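Everything on this sheet refers to the single structure shown next.
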Amino acid sequence: MSLELYQIILMIIIGSLVGISMSFIGQTGQGIVVPLILIISGDVFLAIAISVLNDLIAAIAVSINYTRKKQFYFRRDILILMLIASIAAFLGVFILMTTPLGSVFGWGIPIFIIFLGLTILRKGFPTSESVQRTVNNIIKRFSKNKSNNLGNNEIQNNFKEPDPVQNEEIQGFIKPYSRLFYILAIILGIFVGINSGMFGASSGFIITLVLIILYGYPIKKSVGTALLLSIFMCFFTFSIYQILGFTIKDQFYYNWEFTLYLGIGSFLTGFIVSNYVQRLSAKAMGRGMGATMIILGTISLIFYFLL
């Protein structure tokens with residue numbers, strides 16, 4: 001397949017948007033890359049595989065600057081999340097290739113992305129502290145009913161009081177290895193894996209939210225860590241597409257032209273913009289996240305109606 005000049009230019013532009021999006025929030029470009037490749041090639045599996053591979057390129061470019069600034073941190077219990085996500089990603093690819101799913105895209109995902117972007121612009125990006133305040137408020141409301149006191153005490157036992165002494169280890173308000181922690185880790189891990197396997201996403205944005213809400217990460221360290229974790233998810237998912245593609249469909253899903261031109265845009269803008277993002281405050285990053293999500297969601301909707 002030989003691309004025309006306007007297609008090459010479009011690929012570079014779309015790749016650039018992915019690099020910008022990845023710099024702010026670790027957000028995948030699957031909502032615009034997959035429909036674009038699908039329009040050109042007509043092969044949904046190729047489109048998803050190329051999207052995953054391009055996210056891998058963008059994540060590597062962006063993570064260079066986050067790593068240089070030491071904006072990452074690994075906790076041992078993150079392995080639980082990644083193990084569940086890997087299993088779910090494999091199952092997602094397998095289900096997609098062995099079941100007659102007509103379409104994996106629709107208007108719902110872009111609308112949700114736009115809504116979430118507007119919410120972040122209006123209320124700011126969620127932090128571990130804001131989530132904890134919300135949970136505590138919910139518990140206080142329920143505690144007004146005396147009949148629920150025992151149940152509320154059990155819920156509160158799953159949460160940690162904020163420690164006034166700052167430790168080097170990042171800790172969330174949910175107790176590690178508690179029942180609630182395992183439940184959330186399994187649910188969120190499945191969501192991350194299915195999102196990567198079936199929809200061709202790096203899941204960087206979802207992992208960012210998980211690290212903030214479940215593990216208590218500050219925003220910049222959550223993005224930096226999520227980027228490194230998404231590199232693993234992208235490499236794993238792309239490998240699964242090739243392995244299952246060869247064993248089930250008797251073909252590999254790869255195209256060097258799509259990869260090259262998307263990768264040029266993603267790598268260059270991802271590397272440049274992520275260096276600038278490091279200088280922004282958490283509030284400014286939140287605004288950038290919201291604006292980027294609105295733009296990506298709008299473009300996704302446009303591509304959806306073109307399909």
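The values are calculated or read from the model by the stated rules, or taken from the named source; none is laboratory data. All figures in this text were calculated on a predicted structure; none of them were measured in a lab. Don't worry about glycine lacking a Cβ; one is built from the backbone with ideal geometry, like all the others, and counts go over all protein chains shown.
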Here the residues within region 1-27 that are in a loop (DSSP other than H, G, I, E, B), among the polar types (S, T, N, Q) and either free of Cβ contacts under 8 Å to residues at least 60 places away in the same chain or out of contact with any Phe, Trp or Tyr (no Cβ under 6 Å at 6 or more places or on another chain) (or both) are S2
| message | Given the condition assigned to a helix (DSSP H, G or I), out of contact with any Leu (no Cβ under 7 Å at 6 or more places or on another chain) and surrounded by 24 or more Cβ atoms within 10 Å (Cβ to Cβ), answer yes or no: does some residue in region 82-91 qualify? | response | yes
* Any residue at all in region 236-250 that is over 24 Å from L96 (Cβ atoms), in contact with a helix residue (DSSP H, G or I) (Cβ under 6 Å, 6 or more places away or on another chain) and modelled with pLDDT of 95 or more? -> no
For G193, the lone unmet condition from (1) surrounded by 24 or more Cβ atoms within 10 Å (Cβ to Cβ); (2) closer than 20 Å to Y66 by Cβ is (2)
